[in-house]
Amino acid sequence: MRRNSFLAILVRYVLPWLAGSAVALAGATNSQTPDAKYLELGRQFPWVVRLHTVCEAPDTAKVYQREGSAVIIGPHWLLTAAHATENVKSAVVYVDGVEYAIASLIRHTAYSAERVGFHDIALGYSAQEFKFPAYPALYAADDELHKTAVIVGYGLHGDLKTGATQFDSQRRAGQNQVARLENAVLICDSDRATQLPMEFLLASGDSGGGLFIDGKLAGINSFVGAQDKIPDGNYGDESGHTRISLYVEWIEKCQAQYLAEVAAAPK
């Protein structure tokens, strides 16, 4: 396992978060459904949290801040998108207003900045316990195709007609169906003719948040693809989510190896 406290990459043709800003973008919704319903559903997924990073540009050494998302999966562990930690010097997550420092982020060794949607996953460790009464299980079955999923995220929001245009930093959640599988990615799309009452699609962001099937974490929000080159979550856009079922063994192996390294380190 290649371990570094803060490794990451840059996604070229999408903007999963706004570098240097305090905004983590979220999703577009069905305009026929009240926004309050998306907020209510979002409250059912407290494990999806804000990820705040302090970064340093490699060429200029300029320090900037960036917002993203993560999904807590255990008392000390979380998952996020590998690319969401580019140039990171330090990272914290916020749980009910409480700040938790992330001691280490472990990126998948096969991830490449040049290959959008491949192995875009990172595991994070907090020495401070999160203390949730329960944590989401990881979706291990290979039957995700055509399943209805719940996608969760923070930030900019809007409807599927206009795309995401507003910001209030609240967690929203909505539904979509897994339309197809590509490589190690679950793909959701926006079809005006078949949309669900609680339809939801990632806009230009929400990286590191979660896609859930039957209450289990089945995907990590990775990217938005747009034929019109504007990834804002309107009709015609698609979202990609790293397929957790292919990474359960990797996650467990990384957890065990990291804890073994910590235990063996000089006190």
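The values are calculated or read from the model by the stated rules, or taken from the named source; none is laboratory data. Computed from a prediction, not measured in an experiment: that's the story for all the values here. So basically every Cβ, Gly included, is an ideal-geometry build from the backbone, and we count neighbours across all protein chains shown.
Listing for the model above:
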quantity: Test result for residue 139, modelled with pLDDT of 95 or more, touching a helix residue (DSSP H, G or I) at 6+ places or on another chain (Cβ under 7 Å) and surrounded by fewer than 21 Cβ atoms within 10 Å (Cβ to Cβ); calculated: no
quantity: Residue selected from the range 241-254 under the condition touching a Leu at 6+ places or on another chain (Cβ under 7 Å) and in a strand (DSSP E or B), by the criterion farthest from residue 176 (Cα to Cα); calculated: 243
quantity: Residue in the range 48-69 that is within 19 Å of residue 219 (Cβ to Cβ) and either over 13 Å from the mean Cα position of the chain (by Cα) or surrounded by fewer than 19 Cβ atoms within 10 Å (Cβ to Cβ) (or both) present; calculated: no
quantity: Criterion violated by residue 258 - all others in (1) in contact with a strand residue (DSSP E or B) (Cβ under 8 Å, 6 or more places away or on another chain); (2) modelled with pLDDT under 85; (3) among the hydroxyl-bearing types (Ser, Thr, Tyr) satisfied; calculated: (2)
quantity: Every pair of residues 6+ apart whose Cβ atoms lie under 8 Å, when the first sits in the range 176-205 and is buried (at least 23 other Cβ atoms within 10 Å of the Cβ) and aromatic (Phe, Trp, Tyr) while the second is part of a loop (DSSP other than H, G, I, E, B) and at pLDDT below 85; calculated: 200/30
quantity: Checklist (1) at pLDDT below 95; (2) surrounded by fewer than 24 Cβ atoms within 10 Å (Cβ to Cβ); (3) under 14 Å from the mean Cα position of the chain (by Cα) applied to residue 115, failing item; calculated: (3)
